[in-house]
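Notes to accompany the following structure.
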Amino acid sequence: MNLQLYALPGNEERARALAQALHGRCAVELAGCVLHRFPDGETLVRVQPPRPGAHAVLLCSLDGADAKTVPLLAAAATLRELGAARVGLVAPYLAYMRQDRRFAPGQAFSARLYAELLSSRFDWLLTVDPHLHRIHDLAEIYTARTSVLHAAPRLADWIRAHVERPLVIGPDGESAQWADDVAARAGAPVVVVDKQRNGDRDVSATIPDLSPYPDRQPVLLDDIVSTGRTLVASLEHLRAAGRPAAACVVVHGLFAGDALTALRAAGATRIACADTTAAVDGVERIALDAELADALLELAGGEGDGR
Ligand code: R5P
């Protein structure tokens, strides 16, 4: 297999780490992908032409997806036009998965629309823990072949290494799948909070009885932190209940607006995220490069000839 890795801006470090992890296991080359932003806001994409018959892999984490998607689709289309035999996408964070149905009349079903867009240009997609809730499998909306890597083993390693006698707390019902898995791997008990969201930044929470776990250190565990208000609601409850300050461990750290400040103010001690999005000062990173390299090899090497 002959891989050419193309990093969209902001993904260069990940491309280098992946190339290193793949070294000696397949022919792999870092290839150029340059964007020029015109004054009017449009983008010109220029890719290094692929070697004939090469398997082109674009790397682009899709936080802030709206600005990234048009260049990403243009890069994929151009690589195919210039002769790439296959075009795949490694998107450690996959956007729009929380808009997984039409919640009110007239709303876009964005998860499906986005899946159609990506599937129209990529042969395959590799991602980390997409927000699968009302959609249970990416194959329900993606026609491109997909592979999902789970961060749970590495998150559990982090908890085991940094928190004594942890109690894993899922801050809402949707987090239960991640919290249960990580807690089992970390050998910790788990409880799940009842959350009510009344607006983007208006969240309240009811924490279950923690009296069976008097000497446990709380660790909040979620798949996504965006505004931070889901975690803040649980942190405030814990503080009001006189529990020790909690660590927050999350797969995808989006940290929209003042999220980090709000988490610190609510008493978060350590905050750790998988390295699926850009690094943020004060947030510990849990590396997934080795696992991504394994999954990429399997996905890119294991396909048939047809799209
Ligand atoms: C939703 O169910 C997700 O699992 C997260 O809990 C949510 O997206 C976090 O968003 P925010 O940080 O804005 O509260």
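The values are calculated or read from the model by the stated rules, or taken from the named source; none is laboratory data. Since the model is a prediction, treat every value here as computed from it, not as a measurement. All Cβ positions, even for glycine, are placed from backbone atoms using ideal geometry, and neighbour counts span all protein chains on display. The area values use the complete protein model at the heavy-atom level, side chains included, leaving out ligands, DNA and RNA. Shrake-Rupley method; radii C 1.70, N 1.55, O 1.52, S 1.80 Å.
Here's the yes/no breakdown for (1) modelled with pLDDT of 95 or more; (2) within 19 Å of Leu292 (Cα to Cα); (3) not charged (D, E, K, R):
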residue: Gly24; (1), (2), (3): no, yes, yes
residue: Pro50; (1), (2), (3): yes, no, yes
residue: Ala54; (1), (2), (3): no, no, yes
residue: Val57; (1), (2), (3): yes, yes, yes
residue: Asp63; (1), (2), (3): yes, yes, no
residue: Glu81; (1), (2), (3): yes, no, no
residue: Ala85; (1), (2), (3): yes, no, yes
residue: Phe109; (1), (2), (3): yes, no, yes
residue: Leu117; (1), (2), (3): yes, no, yes
Pairs only if they're at least six apart or on different chains, beta carbon under 6 angstrom, first in the range 153-179 and in the same structural domain as Val128 (by TED's automatic domain parsing), second assigned to a helix (DSSP H, G or I) and among the hydroxyl-bearing types (Ser, Thr, Tyr); list them, first residue then second.
none
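Need at least 3 residues that are closer than 19 Å to Pro92 by Cα, touching a residue at least 12 places away in the same chain (Cβ under 8 Å) and open to solvent by less than 30 Å² (accessible area, probe 1.4 Å) per element, so show me which strands (runs of 3 or more DSSP E) inside the range 20-78 make the cut, counting only ones lying wholly within it. Lay out the reasoning, then the answer.
Values: elements: 27-31, 33-37, 43-47, 55-59.
Ranges flagged: 55-59.
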Look at the range 104-113 and say how many of its residues are open to solvent by 10 Å² or more (accessible area, probe 1.4 Å) and either in contact (Cβ under 8 Å) with a residue 24 or more places away in the chain or touching a Gly at 6+ places or on another chain (Cβ under 6 Å) (or both).
1
Taking the range 164-173, which residues are within 16 Å of the ligand (Cβ to nearest atom) and within 20 Å of Ile271 (Cα to Cα)?
Val168, Ile169, Gly170, Pro171, Asp172
Asp172 passes all but one of the listed conditions (1) open to solvent by 10 Å² or more (accessible area, probe 1.4 Å); (2) modelled with pLDDT of 95 or more; the exception is number (2)
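Residues to consider are Ala111, Ala188; find the one that is in a loop (DSSP other than H, G, I, E, B), under 30 Å from Thr206 (Cβ atoms) and either acidic (Asp, Glu) or touching a Lys or Arg at 6+ places or on another chain (Cβ under 8 Å) (or both).
On the way: Ala111 fails: in a loop (DSSP other than H, G, I, E, B).
The match here is Ala188.
Go through Ala205, Ala259, Ala233, Ala179 for me and flag whichever is farther than 24 Å from Ile286 by Cβ, within 16 Å of the ligand (Cβ to nearest atom) and surrounded by 20 or more Cβ atoms within 10 Å (Cβ to Cβ).
On the way: Ala259 fails: farther than 24 Å from Ile286 by Cβ; Ala233 fails: farther than 24 Å from Ile286 by Cβ; Ala179 fails: farther than 24 Å from Ile286 by Cβ.
Only one candidate passes the filter, namely Ala205.
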Just name the residue that is nearest to the chain's Cα centre (by Cα) out of those in the range 117-135 that are more than 22 Å from Gly253 (Cα to Cα) and surrounded by fewer than 18 Cβ atoms within 10 Å (Cβ to Cβ).
Leu117
Checking Pro9 against (1) crowded, with 22+ Cβ neighbours inside 10 Å; (2) in contact with a Leu (Cβ under 8 Å, 6 or more places away or on another chain), the condition it does not meet:
(1)
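Being within 14 Å of the ligand (Cβ to nearest atom) and either within 23 Å of the chain's Cα centre (by Cα) or among the aromatic types (Phe, Trp, Tyr) (or both) is the filter here, so list the residues in the range 182-200 that pass it.
Those that are within 14 Å of the ligand (Cβ to nearest atom) and either within 23 Å of the chain's Cα centre (by Cα) or among the aromatic types (Phe, Trp, Tyr) (or both): Val182, Val192, Val193, Lys195, Arg197, Gly199, Asp200.
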